[in-house]
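A short write-up of the structure that comes next.
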């Protein structure tokens with residue numbers, strides 16, 4: 001693949017700045033991992049793993065190595081999955097903000113100043129805005 005083809009293939013769907021192939025690969029792995037890790041089957045697999053480990057305790061004499069197996073396995077799995085799930089969560093949050101920004105932008109009554117609230121407002125300002133919306137909801141006819 002030539003550099004031009006690689007650059008064209010690595011562009012966003014809207015033609016924005018190119019993405020590195022590693023970034024695209026990580027995104028795909030993160031999304032698939034998020035779906036797999038969040039499934040009931042994975043949870044059941046983890047429960048079965050822990051039960052097998054627990055029931056094997058007497059066979060291994062509750063040794064240090066026996067304890068090390070569960071500690072090491074859970075530590076490594078947690079360490080790797082945190083990064084993958086954080087990536088997925090960040091993308092979901094960005095997508096949600098884009099959708100909300102679009103709705104705010106097309107609604108003439110909305111305050112466009114809130115489009116960049118997550119970046120522009122500090123915690124106290126967000127708290128005030130949140131309280132203001134709470135009052136609006138309380139006073140509305142809905």
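The values are calculated or read from the model by the stated rules, or taken from the named source; none is laboratory data. Just so it is clear, the structure is predicted and the values come from calculations on it, not from any experiment. So basically every Cβ, Gly included, is an ideal-geometry build from the backbone, and we count neighbours across all protein chains shown.
Side notes on the structure shown:
- All helices (runs of 4 or more DSSP H) inside segment 53-142 with 3 or more residues being at pLDDT 85 or above: 64-106, 123-139
- Residue 87 vs. criteria touching a residue at least 60 places away in the same chain (Cβ under 8 Å) and in contact with a helix residue (DSSP H, G or I) (Cβ under 7 Å, 6 or more places away or on another chain): yes
For (1) outside the structural domain of residue 30 (by TED's automatic domain parsing); (2) within 29 Å of the chain's Cα centre (by Cα); (3) surrounded by 10 or more Cβ atoms within 10 Å (Cβ to Cβ), each residue gets a yes or a no:
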position: 54; (1), (2), (3): no, no, yes
position: 57; (1), (2), (3): no, no, yes
position: 86; (1), (2), (3): no, yes, yes
position: 101; (1), (2), (3): no, yes, yes
position: 119; (1), (2), (3): yes, yes, no
position: 133; (1), (2), (3): yes, yes, yes
position: 136; (1), (2), (3): yes, no, no
